[in-house]
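Presented below is the structure to which this report refers.
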Amino acid sequence: MLGAYRGLLPEFSLLCRGCNRLAKPSSSPQPFSKLLTRRHFRRHACSASATLTEEHVHTPPTADSSNGSGPSVSDSARSTSSAAPNPDRLSFQDAIIRLQQYWASVGCAVWLPHNTEVGAGTMNPATFLRVLGPEPWKVVYVEPSIRPDDSRYGDNPNRLQRHTQLQVILKPDPGSSQELYLGSLEALGIDTRANDIRFVQDNWEAPVLGAWGLGWEVWLNGQEITQFTYFQQAGGHPLSHPSVEITYGLERIIMALQGVQHFRDIRYTDTISYGEMLLQSEYEMSCFNLDTADVDGQWQRFRLFEAEAQRMIEARLPVVAYDHLLKLSHTFNIMDARGAVGVTERAQCFGTLRNLARKITGLWNERREELKWPLGTIPEPQQPSAPSASGPSPPAPADFVLEIGCEELPPEDVDGAIQQLRQRMPAILKTLRLEHGQISVQGTPRRLAVMVDQLSPSQPDTSERLRGPPCKIAFDGDGKPTKALQGYCSKNGLQPDQVTREADSKGTEYVWAEKQIPGKPTCEVLAAELSNLVSSLSFKRSMRWQHAASFSRPVRWLVALHGDCEVPFTYAGIIAGRCSRLLRQSSPPEASISSAADYRSALEHNGIILAGEQRSEQIWQQASSCAAEAGGSIPESCQSDLLAEVVNLVEAPLPLLGSFDPAFLSLPREVLVMVMRKHQRYFPVVSNESRDLLPAFVTVANGPVDVHLVQAGNEAVLRARFEDAQFFYSKDRQHKLESFRPQLATTTFQQGLGSMLDKSERVEQLVGLLGTLTHQPSDVVSTAQQAAALAHADLATSVVMEMTALAGTMGRHYAQLEGLPGPVCEAIYESVLPKNAGDAVPATPAGILVSAADKLDSLVGLVAVGCAPSGGADPFGLRRIAYGLLETLVANQQRLDLPAAVQQAAGLLQVEVSQESQELVLDFIGRRLEQLLIDRGTIPEAVRAVLKERQHDPFLAAITCKDLQAELDAGDESRLPRVMTALSRPTRIVRGKEVNPAWQVDAQLFEFPDEEALQKAQQAAAFRISQDMPLDEFLEVCDLLVEPIGSYFDKVFVMSEDTSVRQSRLALLRDIASLTSGIIDFAELPGF
């Protein structure tokens, strides 16, 4: 997140969303003079730069400062001026000045950059400390943000170790934050009507600092230029008054405005370029961050800054303590860039930072309160009272509409809210006794709508029988009403002559009356329920903004109409009415809905498609038409997850065809597709015949835009991303895959478990041991060992360090390019499968071995060093790893003795793995196996019955569960009920009794022929039963015991007074009960 503190974590990079480097390549510093003349510049896989044409960069407006509130929805600070200055005149310096002037004009104080290194503008105390407490705070400032891990010697056109952010804090939320932000883009000369400006979900969380917030990335024609966040927590303290944080990535924005492809070419002023001003420092600081910083010295500084921060906390000086926390953080970032921080050290450092941040923020709050909040306190918002229903109620059934208007909802929250409303609205109408026609619930990113056809104007009249006092109390001796009856009548609006007498079942007479209850108007009864309906909606992550109410994103308007009658209710300080908001580029941006019947047409008239199904169909049809223009089609696989996401990113979809240089098709298909689908939400285009990628893509804009402008911008974004990928791919191709393996030695897997290279070597050995356990042919084991040696090597490649989701994929690709055998290449890829729920599992014999070995090493090792999941916390993803191991074994019908495999994996570790730890691993895997088998359709009781005996072999347990469920489903037609009934009698008798294993059946003590018959049947069954036999065969064998067992218990009394006879009979029943051992425990099944 641009506006969040991400200097601590490499995955929080400005230009890379999701990097998670396992090792840093060693780059030697290059002469500075060469940097000034180099023509081939390094590109980064997450970079992007778009170009704005002169036509759409115009004279910016000045925000109205007369009331200090900035632009409103209906008259936001958007210019309609036709003046179009040369975009080249907007320098980097000009952009800073314009943004500062704009935000100052709406009441922000112009703050200064902090005087020590910070990883992001968020970490300036003007944000991180000032968002705490109840004091109002509006500020704007430029912050040079230092991230050593992004050092690239000035080579990369979009990645710098020192980049420039412009930070805005609005506390409290003014209620029009997005409109104010769009006005600031106009201040830069960006035409917000012609460009495709999108708010794309981004949930920010920094557990290191106990901070989180919800909001968006802001995209300009496909390029992320800003982070927009509603702060919810900082330093572990929930914020009583959430702040709006807006963080601009200035280099990105200015590169787009000036149309340059490298940061050094940005015109800083009219006479000086960015490179002339800052390239030397970028180069030298990169040398320091990546090559020359003394690691031991940095560790010493870390400890010194930690101690001094703690001392300042004890001295109750939070500002000074916070400065030392920032120095501590920067020191950590330098060590991390040098590759000197392992997994364990990282966790320890994060714990230190988190603890200090919590103490400092708490102390800051205490000190401000002691100073009696010098800036004052934010007044509690006044909750408006809902007016009474306006106008007459509909005289007849009329349509009803409820619209919940929001800032952009995350795609999954749109679907989730729609499902909840579809369940709850019918229930409300039923409870209120309101007759109605069809109910439709639809949604877009900015609105959730409930539409009810022909909703009755009022509740139907009803009557109620009311029992009064006993007649002997209600009437006096003359039969006249007493005060008791008069009070009863007065309370219920009745006259004494309206009552009747009726005796109850005991013969006591009571007074009864029939009371007529007129139905209430629909507007009245609905108004009381709608607020509760809105507040009842739940989301995975909810936020607060200005009021106590919480929602997925801020609710900004409400529409509630029955016919043409407004249904008055309030939620989050908003009074429902008839005013709806349209597309942001609409003029005007609001519409008054005359009646519920006109709601759909009002939106459609302004280009908004309310129904998700209709948007989906239109997007797919038009995107397919665009693809056809390029001579291809969109892969069917895009019709699921990608289409579902895009549908809920737009209200008025406008698919546009873009193209890219065919030369990029030399890159691996997976790289190109990932960039298009995951990073940019583009639809790839493939050939209709070969299904190969074509140099084209389809993006979906929102609403009417300048097609050429938006198309060109998205093409520029994709070009920059592909250029970065091409650079890293070319760099990787200079080396063989095996040459990357030694670099894994610099990355700690986990303290006590060695490096990633140590893990790789263990997996290679474990593959051979598992091959023996699973009786694999020697050629399969050899292939698996060769693949295991290379399986983690791609983690050190440049492409995978930039796009970690391609681990395994790139390993296979590079192995194929080197001409390695196909089975080896496939096993390298399959070693990381499955990556997530629903993913493919390994399918080749060698791939199964490598994947299983890798997962067993992780499970046994991490549990042994104390990293087992606890409660809901599973930082190492061990649940997913165990589930993936089991899916692989079951799907491939692969038998494996888990206890033996765990023991073999434990023997290869550098730490001692106790028997207790091994049992813990087996129990952990067993719980995942139970869930897997339940997920596959077996009832829980049946799963437990099987796992009691066959948990050691997941595939054997799986087929047994499947067979057992089939027997249960067959009911009386199955042998199962007979066998269970028969075996239950001997089992219950020996259960809980001390039956000595040494006791033997003595045939000489038999008193009845039935005893001999049962012994022979038991011996015959025991001879045929094996511990891995199928369940149906087991039941077939045991079915032969049913009759002998029945006859035995008809004649034989087991608990004979003769000790020898009793022991012999118990021994026989013990042997019968033990026949199920290793197959199933019937005691877990109902009815046993």
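The values are calculated or read from the model by the stated rules, or taken from the named source; none is laboratory data. Computed from a predicted structure; not experimentally measured. Virtual Cβ from ideal backbone geometry, glycine too; neighbours counted across all protein chains shown. For the accessible areas, the whole protein counts, side chains as well, though only heavy atoms, and no ligand, DNA or RNA atoms are used. Shrake-Rupley method; radii C 1.70, N 1.55, O 1.52, S 1.80 Å.
Using a 1.4 angstrom probe, figure out how much accessible area the chain has per residue, in square angstrom, rounded to the nearest whole. Provide the component values of the computation, followed by the final result.
Working: 43760 Å² over 1088 residues.
With all protein chains present, the chain gives 40 Å² per residue.
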Fill in the blank from the handout: Rounded to the nearest 500, the 222 nm mean residue ellipticity computed for the chain from DSSP H runs (n ≥ 4, each -39500 (n - 2.57)) alone is -13500 deg cm²/dmol
Exercise for the section: Could you tell me what % of all Cα pairs in the range 669-766 have separations over 19 Å? Expected result: 62
Problem - Percent accessible area from carbon and sulfur atoms, the range 207-272, protein chains only, probe 1.4 Å - result: 59
Exercise for the section: Please give the peptides 784-796, 247-259, 666-678, 127-139 ranked by average Cβ packing (other Cβ atoms within 10 Å per residue), highest first, as a rough proxy for protection. Expected result: 784-796, 247-259, 127-139, 666-678
Practice task
Find the eigenvalues of the gyration tensor of the Cα atoms of the range 294-350, then list the square roots of 5 times those eigenvalues as equivalent ellipsoid semi-axes, largest first, in whole angstrom.
Solution key: 22, 10, 9
Fill in the blank from the handout: On the accessible surface of the range 852-996, probed at 1.4 Å with all protein chains in place, carbon and sulfur together account for a percent value of 45
Practice task
Give me the net charge of A807's neighbourhood, meaning all other residues with Cβ under 9 Å from the Cβ of A807; Lys, Arg count +1, Asp, Glu -1.
Solution key: 0
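Based on the mean of other Cβ atoms within 10 Å per residue, sort peptides 262-273, 153-164 so the most packed one is first.
Values: 262-273: 16.8, 153-164: 24.3.
Final packing ranking: 153-164, 262-273.
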Problem - Column: log10 I(q)/I(0), Debye, Cα scatterers of the range 488-570, q = 0.20, 0.21, 0.27 Å⁻¹ - result: -0.97, -1.03, -1.25
Handout entry: When each of K430/K520; K540/K948; K540/K678 is checked by Cα-Cα distance, pairs over 26 Å
Key = K540/K948
Fill in the blank from the handout: Percent relative contact order for the range 885-975, counting Cα pairs under 8 Å at least six residues apart, stands at 34
Fill in the blank from the handout: Taking a straight Cα-to-Cα line shorter than 12 Å from K138, and setting aside same-chain aspartates and glutamates fewer than 8 residues away, one finds D173, E245
Exercise for the section: For the range 874-940, just run the numbers: alpha carbon Rg, then divide by 2.2 N^0.38 Å, N being how many residues it has. Expected result: 1.19
Fill in the blank from the handout: With the convex hull built on the alpha-carbon atoms of the range 960-1084, volume per residue in Å³ sits at 103
Problem - Whole-number D in µm² s⁻¹ for the range 426-466, Kirkwood Cα-pair radius fed into Stokes-Einstein, 10 °C, 1.306 mPa s - result: 131
Problem - Furthest towards positive pole of dipole, P940, A527, H324, structure part the chain, Cβ charges - result: H324
Handout entry: Average Cα contact separation per residue, the range 502-643, under 8 Å, 6 or more apart, as relative contact order %
Key = 13
Problem - the range 135-269 - convex hull of the alpha-carbon atoms, volume per residue in Å³ - result: 124
Practice task
Please give every one of the aspartates and glutamates within straight-line cross-link reach of K327, meaning a C-alpha to C-alpha distance under 15 Å, and leave out same-chain neighbours fewer than 8 residues apart.
Solution key: E117, E306, E308, D336
Exercise for the section: Please work out the ratio of the alpha-carbon Rg of the range 189-293 to 2.2 N^0.38 Å and round it to two decimals. Expected result: 1.38
Problem - Unit charges on C-beta of K, R, D, E only; dipole of the chain, Debye - result: 2400
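Contour minus end-to-end for F1053 and S490, with contour as 0.36 nm per residue of separation and end-to-end as the Cα-Cα distance?
Working: separation 563, 0.36 × 563 = 202.68 nm, distance 7.86 nm.
Extra length available between F1053 and S490 comes to 194.8 nm.
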Practice task
Please list the helices of the chain that count as membrane-span-like by this rule: a mean Kyte-Doolittle hydropathy of at least 1.0 together with Cα atoms stretching 18 Å or more along the helix axis, each helix being a complete DSSP H run.
Solution key: 845-864
Handout entry: Pairs from K759/K962; K731/K835; K359/K835 whose Cα-Cα separation, in the structure shown, is over 29 Å
Key = K759/K962; K359/K835
Exercise for the section: With volume of the Cα convex hull per residue in Å³ defined as stated, name the option among [x] 300; [y] 265; [z] 218 computed from the structure displayed. Expected result: [y]
Fill in the blank from the handout: Of 190-199, 737-746, ordering from highest average Cβ density within 10 Å down gives 190-199, 737-746
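Placing unit charges on C-beta atoms (Lys and Arg positive, Asp and Glu negative, everything else neutral), compute the dipole magnitude of the range 386-491 about its Cα centre in debye, rounded to 20.
Charge dipole, the range 386-491, about its Cα centre: 840 debye, nearest 20.
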Fill in the blank from the handout: For the range 312-394, the dipole about the Cα centre with charges only on Cβ (Lys and Arg +1, Asp and Glu -1), to the nearest 20 debye, works out at 180
Problem - Percent RCO, i.e. relative contact order, over the chain, from Cα pairs under 8 Å lying at least 6 residues apart - result: 10
Handout entry: Dipole of the chain [Lys/Arg +1, Asp/Glu -1 at C-beta], most positive-end residue of L642, P668, G405
Key = G405
